């Protein structure tokens, strides 16, 4: 469940999304013990690179004008609203989206993960989504992906305030294990008592943490919403 890969797709800013007129189903909070083994122990591969897609290139944002850079973040209002409602730090949600799909709402992996946050359809069904194709709708993907992060946090975090993580918090075992579980499944994190010894997952954790620090800095300069 890593990012969209290092294919030859162009790195262009994603245009502002059109207003969604489809109301997303509200995801259910789930106990991770209810996940079948094929989901709890799934190490998901990166989303397939799409030559026709426009990806958001975080590295090209201008650090000299953080306010302007922050305003260029795709789906920012959606992420801020959803994160606030779910009690999850928006910088963490953006960091996951950056690694999962680079803000391509039509992203798809070979394993079948869909959308901005690359949720598996089977996981979304357990969380109450009747039509997994709705994961291609940004509002739905962000709601379900953010809820899943919160459910993982309930298992691996607990002690810290997930709604407002600091740059130091991102280095904590609780946050690292939550990030690893999003990629490799909670079963593997429990099995290995931490980040599993899988190269993909270890690299995923490093990249998401780096993304988090960049987005945390950008959001500090973002206009009030």
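Each reported figure results from applying straightforward, stated rules to the coordinates on display, with no laboratory input. As the structure is a prediction and not an experimental result, all values here were calculated from the model. Note: ideal-geometry Cβ built from the backbone for every residue, glycine included; neighbour counts use all protein chains shown.
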Gyration tensor (Cα only) of the stretch 170-225 to equivalent ellipsoid, semi-axes in Å sorted down, yields 26, 11, 8
Rounded to one decimal in nm, the spacing of the 7 Å Cα→Cβ label points at residue 192 and residue 68 is 4.2 nm
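Which of 158, 207, 44 has the fewest other C-beta atoms within 10 Å, and how do the rest follow up to the most?
Numbers: 158 9, 207 16, 44 23.
Least crowded to most crowded, the residues run 158, 207, 44.
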Kirkwood-based shape ratio for the stretch 53-103, expressed as Rg/Rh from alpha carbons: 0.97
In deg cm²/dmol, rounded to the nearest 500, the helical mean residue ellipticity at 222 nm of the chain, built from -39500 (n - 2.57) for every DSSP H run of length 4 or more, is -13000 deg cm²/dmol
At what distance in nm do the modelled label points of residue 59 and residue 34 sit from each other, each positioned 7 Å from its Cα along Cα→Cβ? 4.1 nm
What is the distance, in nm, between label points placed 7 Å from the Cα along the Cα-to-Cβ direction at residue 85 and at residue 210? 3.3 nm
I'd like to know how the stretch 88-225 sits against the 2.2 N^0.38 Å rule of thumb: what's its Cα Rg over that expected value? 1.00
